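For reference, the structure is listed below as structure tokens.
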Amino acid sequence: MLAALLFATDDADDSPATLAATLAATLPFGPGTLIEFQARLVIGAGASQLIVVVGRMTPELLGAINRIMRRGASVDVVRSAAEACEKLHPLARVLVMADGLVSTEGVVAAMAAEGGDALLVTTDANALAGLERVGADAIWAGIARLSVRRVAEVADLPIDYDFASTLLRVAAQGGAARVELPGGSARSGHGVEHSAARLRQRSEALLAGHVSSRPAWFDRYVVAPLARRLLPKIVDRGISADALGLAGGGTALLGLGLIAYGGPGWGPAAGLAMVVIAAFLLALAMALAWMREDRMRGRLFAGVIAASSGLAVITLGARESLGEGTGTAALLAITGAGLGLLAERAGGIHRKRWWASAPAYPLVLLPFGVSGQVLPGLAIVAGYAAMTLASAIEQLRKNA
């Protein structure tokens, strides 16, 4: 059984003037608060019980806890190590999150795995300023995996001892293993912040890191560089995932219309460009939906990207076939779209960077549409989809 110990005791450094002495845990982070984001991470890692350690209960913290509970999580609020021991199952593994911690799903999932006591550590003092050292060359990186016995040891100590700091010391002195924070995690948003301004920067870094971590080259080399510039402005202006999704969907429809009915030469080229832009907008919408833990909208936006990309290829092939009076272009388009769909459905394997993804097809076709060489472009798209599918099949055979 995995339980999570979340601390909400420290005050924010620069909370808004209207909310004096705001807790760092209730500072805005994405669409909610920081502690809600932490809860999402630990629940995603398998935690079935959340213990929130508080010094005082504020209206903002109470609201955040209620929203966490509405997701179906079991949440207990405690003020001391003794109360935490009473709530925890004796055999539970306890995932401890530092007050003000921002992290990524991968880092939290790795620490939540089966194993003995362990402390996540780093040597990068700049990335995690303010956290305690657990060795001459090691700084605690904000996450620990401990047994309930360690919490019980803290409960036996005088009650005026700081719960979080003492728990860390007990774990370090008890020989807890040290796990190095993966390189680049700080750049992807991992860190501890008690400042509203810096926390917003962490939120932006986390969003950009999420987009960059996608395996497809379209996401990494086309979406990610632009997303790093645009996502902070989008978040600042309060633009929602739905608004971006509607903009992307409308742009995709306009692009398909231009491919089908636009003038000779410029119509297909402009339409393909619009479909690529739509895929970019929908990718940003997916990132915002991920931050809000809205999987349904994320799947919807991904489906719109796949459908509009496939329809763009097929529509272009049909237009070319009607113009030439042959079925070659339509056949190549349908073949490419079909093979691409099969490749997209190959799950449970490590996707290679060079593999095609849905929005890659209209992007590959774009220069051929601009130059008026649609038929060679469709042939290349079909070949690219076939190579991707063949590589995916080989991966599945190796894994079988």
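The values are calculated or read from the model by the stated rules, or taken from the named source; none is laboratory data. Only a predicted model underlies this, so the values are computations on that prediction, with no experimental measurement involved. Using ideal geometry, Cβ is built from the backbone for each residue, glycine included, and neighbour counts are taken over all protein chains shown. Note: accessible area is taken over every heavy atom of the protein model, side chains too, but ligands, DNA and RNA are not part of it. Shrake-Rupley method; radii C 1.70, N 1.55, O 1.52, S 1.80 Å.
The residues listed here are S195, S203, S240; of these, the one that is in contact (Cβ under 8 Å) with a residue 60 or more places away in the chain and surrounded by fewer than 18 Cβ atoms within 10 Å (Cβ to Cβ) is S195.
Of everything listed in (1) in contact (Cβ under 8 Å) with a residue 24 or more places away in the chain; (2) closer than 26 Å to I349 by Cα; (3) surrounded by 20 or more Cβ atoms within 10 Å (Cβ to Cβ), the single unmet condition for V151 is (2). Checked against the criterion of being closer than 20 Å to L231 by Cβ and not aliphatic (A, V, I, L, M), the candidates G317, G298, G271 yield just one match: G298. Just one of (1) touching a Ser or Thr at 6+ places or on another chain (Cβ under 9 Å); (2) open to solvent by 30 Å² or more (accessible area, probe 1.4 Å); (3) over 27 Å from G115 (Cβ atoms); (4) part of a helix (DSSP H, G or I) fails for P215. It is (4). Against the definition (open to solvent by 60 Å² or more (accessible area, probe 1.4 Å) and at pLDDT 90 or above), how does Y261 come out, yes or no? For Y261, the condition - open to solvent by 60 Å² or more (accessible area, probe 1.4 Å) and at pLDDT 90 or above - is met. Kindly check whether there is at least one residue in the stretch 136-145 that is out of contact with any helix residue (DSSP H, G or I) (no Cβ under 7 Å at 6 or more places or on another chain), surrounded by fewer than 19 Cβ atoms within 10 Å (Cβ to Cβ) and at pLDDT below 80. Scanning the stretch 136-145, I find at least one residue that is out of contact with any helix residue (DSSP H, G or I) (no Cβ under 7 Å at 6 or more places or on another chain), surrounded by fewer than 19 Cβ atoms within 10 Å (Cβ to Cβ) and at pLDDT below 80, so the answer is yes. Residues of the stretch 42-57 that are open to solvent by 60 Å² or more (accessible area, probe 1.4 Å) and in contact (Cβ under 8 Å) with a residue 60 or more places away in the chain: G44 alone. Please work out which residue is nearest to T9 (Cα to Cα), limiting yourself to the stretch 48-61 and to residues that are of a type in the set (A, V, I, L, M) and modelled with pLDDT of 90 or more. Top of the filtered list is V54. Every condition in (1) loosely packed, with under 14 Cβ neighbours inside 10 Å; (2) in contact with a Pro (Cβ under 8 Å, 6 or more places away or on another chain) is met by H89 except one, and the failing one is (2). Could you say whether any residue in the stretch 246-258 is open to solvent by 20 Å² or more (accessible area, probe 1.4 Å), in contact with a Gly (Cβ under 6 Å, 6 or more places away or on another chain) and not in a loop (DSSP other than H, G, I, E, B)? Yes, the stretch 246-258 has at least one match. Being of a type outside the set (G, A, S), open to solvent by 20 Å² or more (accessible area, probe 1.4 Å), touching a strand residue (DSSP E or B) at 6+ places or on another chain (Cβ under 6 Å) and within 30 Å of W354 (Cβ to Cβ) is true for just one of L181, L226. Which residue is that? So the residue among L181, L226 that is of a type outside the set (G, A, S), open to solvent by 20 Å² or more (accessible area, probe 1.4 Å), touching a strand residue (DSSP E or B) at 6+ places or on another chain (Cβ under 6 Å) and within 30 Å of W354 (Cβ to Cβ) is L181. Inspect all residues belonging to the stretch 262-274 and state whether any of them is within 16 Å of the chain's Cα centre (by Cα) and in a helix (DSSP H, G or I). Checked against the condition, which is being within 16 Å of the chain's Cα centre (by Cα) and in a helix (DSSP H, G or I), the stretch 262-274 yields no hits at all.
Within the stretch 264-293, no residue satisfies the criterion of being of a type in the set (D, E, K, R) and crowded, with 24+ Cβ neighbours inside 10 Å.
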